[in-house]
Amino acid sequence: MAENRHQALGLSDEKVLQMYETMLLARKLDERMWLLNRAGKIPFVISCQGQEAAQVGAAFALDREKDYVLPYYRDMGVVLAFGMTARELMLSGFAKAEDPNSGGRQMPGHFGQKKNRIVTGSSPVTTQVPHAVGVALGGRLEGKDLVTFVTFGEGSSNQGDFHEGANYAAVHKLPVIFMCENNKYAISVPYEKQVACEKISDRAIGYGMPGFTVDGNDILAVYEAVKEAADRGRRGEGPTLIEAISYRLTAHSSDDDDRAYRSREEVEEAKKKDGLFAFEMYLREVGVLSDEQFETIVERVKIEVDEATDYAESAPYADAEYALKHVYAE
Ligand SMILES: Cc1ncc(C[n+]2csc(CCOP(=O)(O)OP(=O)(O)O)c2C)c(N)n1
Ligand SMILES: [Mg+2]
């Protein structure tokens, strides 16, 4: 039997199975959304595929009763772990009135849900970073024990917002975890054409905070790094920058054709390292996941995705006048 790594991290068998199911649910919802998009039923998809291990590993390392997350558009794994449901994500995909993220106004991927402390973001990339720093500062001023967790792509780490947020958080030793989901592309632009430094985490020293690069396909490695960062934040030792390296398995979005800028061989090669399969293999090897349990989980996820699709498809759209709500004073 393979070495049991999760026990050493304080994770029970039950917890790692929950983590696996959350990853699988994110993947299956995403795959369903592409089918619905190609069938002309939902307007736009922006995928989490290939990044679920980093997202779910990180989210499970946080306090999901207290901490705040400021996710970016690919973070289906983060928001599912923080309590958003498959149904709510599908309502967003179909742009229906009951979508908790925006009442059906926004493109999918603009996650926001107050009751689960998921802070809404904006379409310009990286604007969530200074917001995360502000939420951490607010938490400190109010004497609350909370950590904020913010994610962004490696391309987005070149925005001024990242610099300003990271610098401020480090100077004031705020409990912020900056996690860069390095999927090696910013739309069509590969890593080498985005940045000259070898690793995004190398930037941490410039702000005076620790920086780590982890294998984003290894859910337990991400869990460990984020757990340590959260503990450091809670001890008042300030922010951490974590770079989780994986690969974007789909095109940038449903409006992109990635055949124009990367080879099929490269994508096929990356699929071999897919964190979802790696975790399934690990759980089988340590004897936590039997064939029977696997079938049960797959079936449960399938039912959840089907139910979410049916519910959201038949749910009503918002009234046209609703578009004006929150725009003018009432
Ligand atoms: C300020 C700003 N510039 C450009 C865009 C258009 N845009 C949307 S996503 C994206 C790529 C971002 O790449 P990365 O940060 O690596 O994230 P990924 O999509 O790879 O996860 C760009 C350029 C934007 N939304 N906001
Ligand atoms: Mg990227």
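The values are calculated or read from the model by the stated rules, or taken from the named source; none is laboratory data. In this text, all values refer to a predicted model and were calculated from it rather than measured experimentally. FYI the Cβ positions are ideal-geometry reconstructions off the backbone, even for glycines, and counts take in every protein chain you see. Just so you know, the surface numbers come from the protein's heavy atoms only, side chains and all, with ligands and any DNA or RNA stripped out. Shrake-Rupley method; radii C 1.70, N 1.55, O 1.52, S 1.80 Å.
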Some residue of segment 117-132 being away from ligand 1 (no atom under 13 Å from the Cβ), in a helix (DSSP H, G or I), under 24 Å from ILE245 (Cβ atoms) and modelled with pLDDT of 95 or more: yes
Selected residue [more than 11 Å from ligand 1 (Cβ to nearest atom), small (Gly, Ala, Ser) and part of a loop (DSSP other than H, G, I, E, B)] from GLY139, GLY143: GLY143
Qualifying residue in segment 31-54 (condition: under 19 Å from GLU304 (Cβ atoms), more than 16 Å from ligand 2 (Cβ to nearest atom) and within 12 Å of the chain's Cα centre (by Cα)): no
Failed criterion for PHE162 (all others in (1) touching a residue at least 60 places away in the same chain (Cβ under 8 Å); (2) part of a helix (DSSP H, G or I); (3) within 20 Å of the chain's Cα centre (by Cα) hold): (1)
Single residue of segment 311-330 satisfying the filter (open to solvent by 100 Å² or more (accessible area, probe 1.4 Å) and acidic (Asp, Glu)) that is modelled with the lowest pLDDT: GLU330
Every pair of residues 6+ apart whose Cβ atoms lie under 6 Å, when the first sits in segment 284-306 and is surrounded by 12 or more Cβ atoms within 10 Å (Cβ to Cβ) while the second is assigned to a helix (DSSP H, G or I) and among the hydrophobic types (A, V, I, L, M, F, W, C): LEU289/LEU283; VAL301/LEU24; VAL301/LEU25; GLU304/ALA86; VAL305/LEU29
Residue selected from segment 187-224 under the condition within 16 Å of ligand 1 (Cβ to nearest atom), small (Gly, Ala, Ser) and more than 16 Å from the chain's Cα centre (by Cα), by the criterion modelled with the lowest pLDDT: ALA196
Members of segment 62-80 found to be open to solvent by 10 Å² or more (accessible area, probe 1.4 Å) and closer than 17 Å to ALA225 by Cβ, listed by number: LEU62, ASP63
Lone qualifier among GLU181, GLU154 - being touching a Gly at 6+ places or on another chain (Cβ under 7 Å) and within 16 Å of ligand 2 (Cβ to nearest atom): GLU181
Yes/no for VAL150 being part of a strand (DSSP E or B), within 16 Å of ligand 1 (Cβ to nearest atom) and open to solvent by less than 10 Å² (accessible area, probe 1.4 Å): yes
